[in-house]
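The values are calculated or read from the model by the stated rules, or taken from the named source; none is laboratory data. This one's a predicted model, so the numbers in the text were calculated from it and none came from an experiment. All Cβ positions, glycine included, derive from the backbone under ideal geometry; neighbour counts span all protein chains shown. SASA here: full protein model, heavy atoms, side chains in, ligands and nucleic acids out. Shrake-Rupley method; radii C 1.70, N 1.55, O 1.52, S 1.80 Å.
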Amino acid sequence: MVWPHRAVVTAGMPYGNKPLHFGHIGGVFIPADAFARFLRDRIGAGNVRFVCGTDCFGSPINEGYRKAVEAGTFSGTIEEYVQANHDAQADILNKFDVSLDIFQGSGIGHAGEVHQELTYAFIRGLYERGTLRLLSTLQFFDTQANTFLNGRQVQGHCPVQGCKSEHGYADECDLGHQYQPTDLINPISTLSGTVPEMRPVSNWYFDLPAFRNFLKEYVAELELDDEIRSVVPQTIKEFLGAPVIFIKNEFYSEYESVAANLPKHVMHEAEGNKQSFSLEFENIEAREEACEKLSGAGIRFRTSKTLVPFRITGNIEWGVKSPVLEGIEGLTVWCWPESLWAPISFTIAANDAMGLPRNTWRDFWCSEDAQVYQFIGQDNLYFYGVAQPAMWKALGSRGVFGLPDSKPLCQTKLIANHHLLFGKTKASSSGAVKPPSGEDLLEYYTVEQLRAHFLALGLDQKSVAFAPKPFDPKLTDEQRADTRVADPVQKEGALLTNVFNRLARSCLYEAARSFDGYMPVGHVTEEYRLRAQSTIHEYDALMHKVELHSVMQLADEFIRWSQKIWADGAKRVSSIEGEGASTPSKERTQLLCDCFYLLRVATLLMHPICPKGCETICDYMDFDAHEFFSWNFDFDSNAELCEAHEIDTGFHKVHSLPPRFDFFPKHSSQIKG
């Protein structure tokens, strides 16, 4: 197990059309933040960049802005609309202790300027390497609104066979399936409520189907890596099959009448009780030609997931500008491709703010001893796991800017989480039941309670329901007020406010009571040292796999065991000393030496999860935080952190803890009376 010398951690960019609800915060940002904080402790803060920003462009922003203006809830420009939502997002991330090195936006601040520059270079690079195609395609046009429609300005039913999405948009559904606009079933314009026309437009597309063999090799490598979550290669493989059309059995005779006019294909009869037979084509162009002929014959069909040309540019005004290629002017970049290279823009902007040379971004994105970790939702794997690796590969050894000394972009490590559900459905601000916002949750829980709970949910394994008692729609008002009804969100909070808090207080109060405010320094009892070192080693391995729920479980077990060592030891020592002992016995000295050591290890393990409380423990133990949270020790004893004279005397001075002090206080709403 080897850690990289440098690392970038990214979180999926939130659209600039709304504040953040708990799905954004707990499903992506807090897991990414905990991992970034661990990496800073593990490989050094200067070697880590945790970057993200608001996704400023795309049809969700256009639609959100249009609706807000029509409803009278916003009266400014679209730029002001995005900025206001960005500011709200930045504020709540700060309140949840999300420690981003940069949070600007694809069109905001210095990062926005860098992003425009990088976008020009990226698209020109793809063009110069022969991987862009100028295609004339049909696009939705609203004759009543007199405008082309993009993305969520069109709604219908996803045409992909087996898809259960309720929201199909212009060329993708909300589950990430891609298709041609002409394949969308029952399209309706959200601007006018009318059925839009199809009109030809020209745009640049990345030749994604040309990278099928590369992607097959790429996914085969992922399958051999037991640290890659299985959902990643499984989802990527779904798009690597041949282009297929599914036709219901009832249309078989109609198919036979046009079969000879279709491009070369293989017909597969329906198997078992399946209701459709299938037509397999050699390439996507042949399938698209067949789709047109089948539609013309009135034959209904659905299509399979497969690689289709990946759209790079679009025809809406609000977007990152595309470079002029072959004299084609006035295009903007579709939000999805530019959001894939936006984290590079953020890294460059963050390094610029640190006064580093411009080309140092390559030390993080192009170096074999570096690693980029991308925390995303599983429904975005098509973009990050299919389109992105192919585009990175397409740029080749000349890299993004095409300089002679450039290096290719390294493939990233995808940390794909399953959905964080509210009730039985994916958290969505556009759903019938509105999920609580970050601000709503802070009315009932502390930040550290929520961070611990989100990290314990196990989103790496399956979709999990988030059921905060104050917002649980299944409960009555009486049940919400009944203290006998447990709140699942407070489960991990009990570890912090009761067990961990008690261990820290016990050690510091005992130092003040029996040792004049000093912590004993010396050899740790062998059994305890070995258990602690074993836990540290296991924790390190779990973090390498990014199994954050297992990290939480391991830390929970260690803290409860450590607190029991103190509680049992205190009883044993008191029985040995008897009443009226004037000086602490060697047994009491050893116990406190042991428990301060266990407290240090517990605080190190919990630092990525609940940073403020852990840093407060460090402060009261009077150690330098950089040293205290560093992994560059053998963890033999606390003497590693002490000055030479403290080791000689066997004592280290700690700060006096006020009475009834809480390192992890409960929320005011949780305090009885």
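Would you compute, from DSSP H runs of 4+ residues alone, the mean residue ellipticity of the chain at 222 nm, taking -39500 (n - 2.57) per run and dividing by the full residue count, rounded to the nearest 500?
Calculated from helices alone, the mean residue ellipticity at 222 nm is -12000 deg cm²/dmol.
Starting from the amide H of H652, placed 1.01 Å from N in the peptide plane, find each other amide H under 5 Å away whose residue is 5 or more places distant or on another chain.
M519, V521
Nearest-5 percent of antiparallel DSSP beta bridges in the chain?
65
Can you give me the P(r) profile for region 493-649? Cα pairs, bins 10 angstrom wide beginning at 0, each as a whole percent.
Taking every Cα pair in region 493-649, the percentages come to 10, 41, 36, 11, 2, 0.
Could you give the alpha-carbon Rg of region 22-95 over 2.2 N^0.38 Å, rounded to two decimals?
Taking N as the residue count of region 22-95, the ratio is 1.44.
Helix 59-71 against the longest principal axis of the chain: what's the angle in degrees, Cα atoms only, rounded to the nearest 10?
90
Run the accessible area of region 520-673 with a 1.4 Å probe and give the carbon-and-sulfur part as a rounded percent.
About 50 percent, which is the carbon plus sulfur part of the accessible surface.
For region 63-166, rounded, prolate or oblate, judged on the Cα gyration tensor with a ≥ b ≥ c (square roots of eigenvalues), a/c < 1.5 rounded, else prolate if a/b > b/c?
Oblate, since a/c reaches 1.5 and b/c is not below a/b.
Beta carbons within 10 angstrom, averaged per residue: use that to sort the peptides 476-483, 190-197, 584-591, highest first.
So the order, starting with the most tightly packed, is 584-591, 190-197, 476-483.
Just to verify a number: what accessible area does D624 come out at with the full protein assembly present, 1.4 Å probe, Å² rounded to tens?
90
Over the Cα atoms of region 1-138, what Rg and Dmax result, in angstrom?
Looking at region 1-138, its Cα Rg and Dmax stand at 17.9, 56 Å.
Bin width 10 Å, alpha-carbon pairs only: give the P(r) of region 219-259 as whole percents, running from 0 to the bin holding the largest distance.
24, 29, 18, 18, 11, 0
Would you compute the Debye intensity of region 410-522 from its alpha-carbon atoms alone, equal scatterers and no solvent, and pass along log10 I(q)/I(0) at q = 0.10, 0.15 Å⁻¹ to two decimals?
For region 410-522 at q = 0.10, 0.15 Å⁻¹, log10 I(q)/I(0) is -0.47, -0.79.
If you roll a 1.4 Å probe over the heavy atoms of the protein chains, what accessible area per residue do you get for region 226-374, in Å²?
Heavy-atom accessible area per residue stands at 46 Å².
For region 49-108, with only Lys/Arg (+1) and Asp/Glu (-1) charged at the beta-carbon, what is the dipole magnitude about the Cα centre, in debye rounded to 20?
80
Please say if region 229-331 is rounded, prolate or oblate, where rounded means a/c under 1.5 for a ≥ b ≥ c the square roots of the C-alpha gyration tensor eigenvalues, and otherwise the choice is prolate for a/b larger than b/c and oblate otherwise?
oblate
Give the relative contact order (percent, whole number) for the chain; include only Cα pairs under 8 Å separated by 6+ residues.
After rounding, I find 15 percent.
So, in nm, how far is label V69 from label R560 when the simple model puts each one 7 Å beyond its Cα toward the Cβ?
For the pair V69/R560, the computed spacing is 5.7 nm.
If you count, for each residue, the other Cβ atoms within 10 Å and average over each peptide, how do 413-422, 510-519 line up from highest to lowest?
Ranked from most to least packed, the peptides come out as 413-422, 510-519.
Evaluate 2.2 N^0.38 Å with N set to the residue count of region 336-412, then give the Cα radius of gyration divided by it.
Rg over 2.2 N^0.38 Å, computed on Cα atoms: 1.11.
Hey, if you put +1 on the Cβ of every Lys and Arg and -1 on every Asp and Glu Cβ in region 180-307, which of V219, P200, F281 ends up farthest toward the positive end of that dipole?
Of V219, P200, F281, it is P200.
Of the listed peptides 245-253, 3-11, what is their order by residue-averaged count of other C-beta atoms within 10 Å, with the highest listed first?
Packing order, densest peptide first, comes out as 3-11, 245-253.
Shape of region 281-409 from its Cα gyration tensor (a ≥ b ≥ c, root eigenvalues): rounded if a/c is under 1.5, otherwise prolate when a/b > b/c, or oblate?
It is prolate, given that a/c is not under 1.5 and a/b is the larger ratio.
Say R0 is 30 Å: what FRET efficiency, to the nearest 0.05, do N261 and E197 get from their beta-carbon distance?
It comes to 0.70.
Using +1 on the beta carbon of Lys and Arg, -1 on that of Asp and Glu, and nothing else charged, what's the dipole of the chain about the Cα centre, debye to 20?
The dipole of the chain has a size of about 900 debye.
Using the charge dipole of the chain (Lys, Arg: +1 at Cβ; Asp, Glu: -1 at Cβ; taken about the Cα centre), state which of P187, A210, H110 has its Cα farthest towards the positive end.
The one lying farthest along the dipole's positive direction is P187.
Report, by chain and number, residues whose modeled amide H sits under 5 Å from the one on Q104, excluding near sequence neighbours (fewer than 5 apart, same chain).
Placed amide hydrogens put C52, T54 under 5 Å from Q104.
When we measure straight from the Cα of K274, which aspartates and glutamates land under 20 angstrom away, once same-chain ones fewer than 8 places off are left out?
Excluding near neighbours in sequence, the set is E238, E250, E254, E256.
Give me the one-decimal Kirkwood hydrodynamic radius in Å for region 563-673, with the sum taken over alpha-carbon pairs.
After inverting the mean inverse Cα-Cα distance, the result is 16.0 Å.
If you count only protein heavy atoms with a 1.4 Å probe, what accessible area per residue comes out for region 528-627, rounded to a whole Å²?
The answer is 41 Å² per residue.
Hey, can you grab everything whose amide H is under 5 Å from the amide H of F422? Only 5+ residues off in sequence or another chain; H modelled, so Pro and N-termini drop out.
For F422, the qualifying residues are A427, F466.
Normalised by the empirical 2.2 N^0.38 Å for globular proteins, what value does the Cα Rg of the chain take?
1.10
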